[in-house]
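Asker: Before I ask anything, here is the structure I am working with.
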Amino acid sequence: MTPTQPSIVLAGGGTAGHISPLLAIAAALRSEAPDASILAVGTPSGMETRLVPAAGVQLATIDRVPFPRRPSADLLRLPARLAGAVRQAGAILDRAHADVLVGVGGYVCTPMYLAARKRGIPLVIHEANARPGLANRVGAFLKGRVAVAFEGTPLRNAVHVGMPMRKEISGLDRKTARTAAREALGLDPHQPTLIVTGGSSGAQSINRTIAASVALLAEAGIQTLHVTGRGKTVLDPAGQPLAAEGYRQVEYIDGMERAYAAADLLLARSGAATVCEVAAVGVPAVLVPLPIGNGEQALNAAGLVSAGGAVLVADRDFTPEWVARELVPLITDKARLAAMEAKSYRLGIRNADQRMAGLVLEAVSA
């Protein structure tokens, strides 16, 4: 391929947090280089098998090779499994005649990075979390061009570009879209509105607290749309889906921009994509970091919380009592919400997809 018709391979997957920026980068590349050949690479078991083809991007897969965190039989098998995945990755890069490899993290990236490095194919890496994952630490060590969503992410020679996201989110005007979004979601256009989400897989601890707080939220005049996560419908004591005045639950929303537009206040986990999207659209938020893992969700939220655009509450502290004491007064305080909205929006980056596309095309031409 020539630089005007580059072959670009994008690697990443497993969760929506990896796939969403990958697809946003792919869309920006299509706009900037319409003649480019674009191929995504994931694993056979990740969400990418559904989301990537649905976005019109070709997908290839290699074996998933997790890195065991403690001594086990899997650790002994790791070298052979990794070598096999690197061979698969190399075959994909060769067939694609790849000019550049773009990685966004996940199990697929380490073998892809190693195979690209062996072939002298330039690497461009995007790290979504404030605390980088293993695969992208490997990619940075291999001297790839590194871009990060959060300023201060500890990767060598990193450039702060923000989080690539869909244009429907980065270009959202919440005020203009609010009434239509609330009506589309089955909500009263004029009532104070809380949107709750634990992400695509849901968050059981958040779900339990919200279920126990339905009555007190309604008594305060607040309507709640509860996005429970797939397979996590909240049930009442009789085993039926919980139903109450001012409360509506759904497992999933197709198009989070509607939720952002509808919300006076968003309550969510602080995954990297959520934090960056909250800032990009300027929605006031209560963030409840995932209490397991390596603590990256609390780090993701730190800048937005420090700027005054969001409130942080530990998972263990997010109780019905906290909802009554902190959340209800917040969502009914229009002046405070307006200040949070302005502070959040000022922190948001809305062109990260274009910035990433520029870095990728620079790597092809270098």
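The values are calculated or read from the model by the stated rules, or taken from the named source; none is laboratory data. Note that the structure is a prediction, hence the values are computed from the model and not measured. Cβ sites come from the backbone with ideal geometry, for glycine too, and all protein chains shown count toward neighbours. For accessibility, only protein heavy atoms count, side chains too; no ligands or nucleic acids. Shrake-Rupley method; radii C 1.70, N 1.55, O 1.52, S 1.80 Å.
Asker: Just to check your reading of the model, which residue among Ala273, Ala218, Ala212, Ala244 is touching a residue at least 24 places away in the same chain (Cβ under 8 Å) and within 26 Å of Leu172 (Cα to Cα)?
Answerer: Of Ala273, Ala218, Ala212, Ala244, the one residue that is touching a residue at least 24 places away in the same chain (Cβ under 8 Å) and within 26 Å of Leu172 (Cα to Cα) is Ala273.
Asker: Now for a different question. With respect to Glu277, is the statement that it is closer than 18 Å to Lys343 by Cα, charged (D, E, K, R) and out of contact with any Leu (no Cβ under 6 Å at 6 or more places or on another chain) true?
Answerer: yes
Asker: Would you check which residues across the stretch 1-59 are in a loop (DSSP other than H, G, I, E, B), within 19 Å of Ala273 (Cα to Cα) and open to solvent by less than 30 Å² (accessible area, probe 1.4 Å) and list them?
Answerer: The answer is Gly12, Gly13, Gly46.
Asker: Same structure, new question: For the list (1) touching a His at 6+ places or on another chain (Cβ under 9 Å); (2) touching a residue at least 60 places away in the same chain (Cβ under 8 Å); (3) of a type in the set (A, V, I, L, M, F, W, C), I need the number of the one condition that Val148 fails.
Answerer: Just one mismatch for Val148, condition (2).
Asker: Something else now. Of all residues in the stretch 347-366, count the ones that are acidic (Asp, Glu) and surrounded by fewer than 22 Cβ atoms within 10 Å (Cβ to Cβ).
Answerer: 1
Asker: Between a first residue in the stretch 77-100 that is on the phi > 0 side of the Ramachandran plot and a second residue that is part of a loop (DSSP other than H, G, I, E, B) and not hydrophobic (A, V, I, L, M, F, W, C), which pairs have beta carbons less than 7 Å apart while being 6 or more apart in sequence or on different chains?
Answerer: If the second residue must be part of a loop (DSSP other than H, G, I, E, B) and not hydrophobic (A, V, I, L, M, F, W, C), no pairs are left.
Asker: So Ala85 ticks every box in (1) touching a Phe, Trp or Tyr at 6+ places or on another chain (Cβ under 8 Å); (2) assigned to a helix (DSSP H, G or I); (3) open to solvent by less than 10 Å² (accessible area, probe 1.4 Å) but one. Which box is left unticked?
Answerer: Ala85 satisfies all of (1) touching a Phe, Trp or Tyr at 6+ places or on another chain (Cβ under 8 Å); (2) assigned to a helix (DSSP H, G or I); (3) open to solvent by less than 10 Å² (accessible area, probe 1.4 Å) except (1).
Asker: Something else: In the stretch 239-250, which residues are part of a loop (DSSP other than H, G, I, E, B) and open to solvent by less than 70 Å² (accessible area, probe 1.4 Å)?
Answerer: Gly239, Leu242, Gly246
Asker: Going through the stretch 41-53 one residue at a time, which ones are of a type in the set (Gly, Ala, Ser) and farther than 19 Å from Ile8 by Cα?
Answerer: Ser45, Gly46
Asker: Just to be sure I understand, how many residues within the stretch 92-127 are assigned to a helix (DSSP H, G or I) and open to solvent by less than 40 Å² (accessible area, probe 1.4 Å)?
Answerer: 10
Asker: Which condition number does Ala135 fail, the rest of (1) outside any helix (DSSP H, G or I); (2) of a type outside the set (Ser, Thr, Tyr); (3) touching a Cys at 6+ places or on another chain (Cβ under 6 Å) being met?
Answerer: Unmet condition: (1).
Asker: The conditions are (1) part of a loop (DSSP other than H, G, I, E, B); (2) at pLDDT 95 or above; (3) under 29 Å from Asn129 (Cα atoms), and Arg258 fails exactly one of them. Which is it?
Answerer: Just one mismatch for Arg258, condition (1).
Asker: Turning to a different aspect of this structure: If you take just the helices (runs of 4 or more DSSP H) that sit entirely in the stretch 138-231, which of them hold at least 2 residues that are over 23 Å from the mean Cα position of the chain (by Cα) and surrounded by fewer than 20 Cβ atoms within 10 Å (Cβ to Cβ)?
Answerer: Answer list for the stretch 138-231: 174-184, 204-219.
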